[in-house]
1. Tell me the accessible surface of residue 78 in square angstrom (1.4 angstrom probe, heavy atoms of protein chains only), to the nearest ten.
2. Please determine, in degrees from 0 to 90 and to the nearest 10, the orientation of helix 72-83 with respect to the longest principal axis defined by the Cα atoms of the chain, where the helix direction is its Cα long axis.
3. Once the Cα atoms of helix 9-23 and of the chain are each reduced to a long axis, what angle between those two axes, in degrees from 0 to 90 to the nearest 10, is obtained?
4. Return a whole-number percent for the relative contact order of the chain, with Cα pairs under 8 Å and 6 or more residues apart as the contact set.
5. Roughly how many Å² is the accessible area per residue of the chain, as a whole number, for a 1.4 Å probe?
6. In debye, nearest 20: dipole of the chain around its Cα centre with unit charges on the Cβ of K, R (+) and D, E (-)?
7. Distance between the C-alpha centers of segment 156-200 and segment 75-153? Whole Å please.
8. Using the Kirkwood radius over Cα pairs, work out the Stokes-Einstein diffusion coefficient for segment 1-103 at 37 °C and 0.692 mPa s, in µm²/s as a whole number.
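The values are calculated or read from the model by the stated rules, or taken from the named source; none is laboratory data. Computed from a predicted structure; not experimentally measured. All Cβ positions, even for glycine, are placed from backbone atoms using ideal geometry, and neighbour counts span all protein chains on display. Side chains included, ligands, DNA and RNA excluded: accessible areas come from the protein's heavy atoms. Shrake-Rupley method; radii C 1.70, N 1.55, O 1.52, S 1.80 Å.
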Amino acid sequence: VAAISREDSAAAAVLIEEAVEASGENSLRLAAIDLAFERGESPIASKHLELTEDSPQKRMREARLARLRGDTAAADSFEQEALADLSPSEAVRAGIASLVRSHDDRLPGQPTRLDPAAIDTVDITRLPESARASASLALDLLRHAVAIESGSVETAANVRSSLVAQMGEEHPRLALIDLRARISANAEGALDAAREFIESSGDDIERTRAIHAALEATSPNHPDWLTRSHGTVATSPLRADIASHRRIAAQRWYWRGVLEPTMRLSHWREAISRFKSAECPAAAAELLLRLTRS
């Protein structure tokens, strides 16, 4: 199912639904719920949750459903209840996911709500050895992002060294990581480097992320070339069945509302809808407040 989903999540959804109907296995039902969440199909997830055996794993998914519905208090309650009963390795995975979500759930330009010290409390030795490398990389990527945003240059440099050791100096993702660091620090030539990266990159997702970083750094006076660049990616296709793509789409609609003030009402409504479907209720609520004020 996971392999099929990477290429065609609709086909994967059909397969898992058939499997659940044929067997009724609880583990398969949990997999169907996870796929429904990834595809942004909360009604399907809700239907399966009603038929799922009570367990900490179910409560974690009930937290996700509550978050999709904008009920953050219920989501936090379900999550805390589940974390107390999960196995050590499951609790670590859930903790990392919660940290990433806390960092991502905000509007562009807003400071992160994540306390950097919280990242250091995660004990990846509780994970199976085969899962520790990916967990360590995820935490270091989060550490670096938080350090850049908070201006902690020394921490960012140390974490980058760790990232190089794990990913390799030539890894394509490092180019965007370094670019974001230069833009955030307002380093000399950073915008020129951003323009070169944006105009030369063949990956629409990476281009969009670079454009968004540059828009944050240049607010409220965006150079014309950057506004035009955003216009070129504003309608490029993104997969609605991938949560991270829905979050990028939400940010894209947010920036369209900033750059096209006469269309702000409709653009921000689109952004709010996509923030909700990407499990970013805080970002959706903040944007709704801004929309109401404007």
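1. Its accessible surface works out to 60 Å², give or take rounding.
2. Result, in degrees: 60.
3. Between helix and principal axis, roughly 10 degrees.
4. Averaging sequence separation for qualifying contacts and normalising by length gives 16 percent for the chain.
5. Computed with neighbouring chains in place, this is 52 Å² per residue.
6. Value, rounded to 20: 940 debye.
7. Value for the Cα centre distance between the two parts: 22 Å.
8. 233
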